[in-house]
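J.: Just passing along the structure, written as structure tokens.
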């Protein structure tokens, strides 16, 4: 069980399918799919026995079952596998389906991650957020640049939506991401139509040797350099989407409140970018534990789920 908990978020798709098959084995262990109960305890419909739609050997299933995953682990795996399975089989029914849920208002719902897009990565962006941006601000065949590509979600979304993607990162995680530090240069030989920019924030110590995370002053200096390089890389009417969130004392440890969006907006305007849209793309409340919520109530302070998606045009 501990092994499952440690590796659940990094398992490949085939392994997660095996975990899904564990549902069949749970029937032998007291799970009743008709009553949605496990040894008499209601599961509230969380466990879905859908494993029979995918062929795997019973021997492999039994070997995986020896891990003895608990109900919470199984549920997490099923949610991820179901998302992947529905995507892979999205055209197998007579019903015409959209690969993405496009948002019609300027407050975008909290998107979920999807195993079909990108590698697991610290601070990865949900694919539907990128897909919505491409839907509104690009067309098929356009060139999209992601200078901080992370796990490569933007690349995979572009493939799905028939856009061309150029991806860089200071520490590439896959072969189709080129190694580059945008603070040093941006090696693009031609103008691009759209840039997606999701920079690391101040105090994110997991990013080593990164100009953005060393201090607040250096963060703004790095942002100024980055925005200038993006401006030069864009077509005359190209778009830049900047994903940022404010930071409070409990995130920074140094200051009570810093609105990164407004201060970076001032930098963008000074460079010459024109504001097109400010979209609210909130983070999930699930990033906070019940203990975080209890402390916030006791301390009389608000937990931050605010996140801005600011779109500019050159």
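J.: Taking the range 160-174 on its own, how many of its residues are more than 15 Å from residue 194 (Cα to Cα) and free of Cβ contacts under 8 Å to residues at least 60 places away in the same chain? Reasoning before the result, please.
T.: First, pick out the residues of the range 160-174 that are more than 15 Å from residue 194 (Cα to Cα): 160, 169-174.
After this cut, where a residue has to be free of Cβ contacts under 8 Å to residues at least 60 places away in the same chain as well, the list is 169-174.
Going through the range 160-174 one residue at a time, the tally reaches 6.
J.: Identify, by number, the condition in (1) under 22 Å from residue 181 (Cβ atoms); (2) at pLDDT 95 or above that residue 239 doesn't meet.
T.: (1)
J.: Name the residue that is surrounded by the most Cβ atoms within 10 Å (Cβ to Cβ), counting only residues in the range 191-206 that are farther than 22 Å from residue 156 by Cβ and at pLDDT below 90. Before the answer, list the steps.
T.: The initial filter retains those residues of the range 191-206 that are farther than 22 Å from residue 156 by Cβ, namely 191, 201-206.
Subsequent filtering for residues that are at pLDDT below 90 retains 201-206.
Values: 201: 20, 202: 23, 203: 15, 204: 15, 205: 9, 206: 9.
Within the range 191-206, the match that is surrounded by the most Cβ atoms within 10 Å (Cβ to Cβ) is 202.
The rows are residues; the columns are (1) in contact (Cβ under 8 Å) with a residue 12 or more places away in the chain; (2) under 22 Å from the mean Cα position of the chain (by Cα); (3) surrounded by 12 or more Cβ atoms within 10 Å (Cβ to Cβ).
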| site | (1), (2), (3) |
| --- | --- |
| 257 | no, no, no |
| 284 | yes, yes, yes |
| 287 | yes, yes, no |
| 293 | no, no, yes |
| 300 | no, no, no |
| 305 | yes, yes, yes |
| 311 | yes, yes, yes |
| 314 | yes, no, yes |
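J.: For residue 144, indicate whether it is in contact with a helix residue (DSSP H, G or I) (Cβ under 6 Å, 6 or more places away or on another chain) and under 23 Å from residue 285 (Cα atoms). Give the steps one after another, and end with the answer.
T.: Numbers: in contact with a helix residue (DSSP H, G or I) (Cβ under 6 Å, 6 or more places away or on another chain): yes; under 23 Å from residue 285 (Cα atoms): no.
Criteria not met by residue 144.
J.: State all residues of the range 280-295 that are outside any strand (DSSP E or B) and in contact with a strand residue (DSSP E or B) (Cβ under 6 Å, 6 or more places away or on another chain); if no residue qualifies, say none. Before you say what the answer is, go through the steps one by one.
T.: Narrowing the range 280-295 to residues outside any strand (DSSP E or B): 281-295.
Listed by number, the list holds a single entry, 281.
The values are calculated or read from the model by the stated rules, or taken from the named source; none is laboratory data. All figures in this text were calculated on a predicted structure; none of them were measured in a lab. Cβ atoms come from the backbone with ideal geometry, glycine included; neighbour counts cover every protein chain shown.
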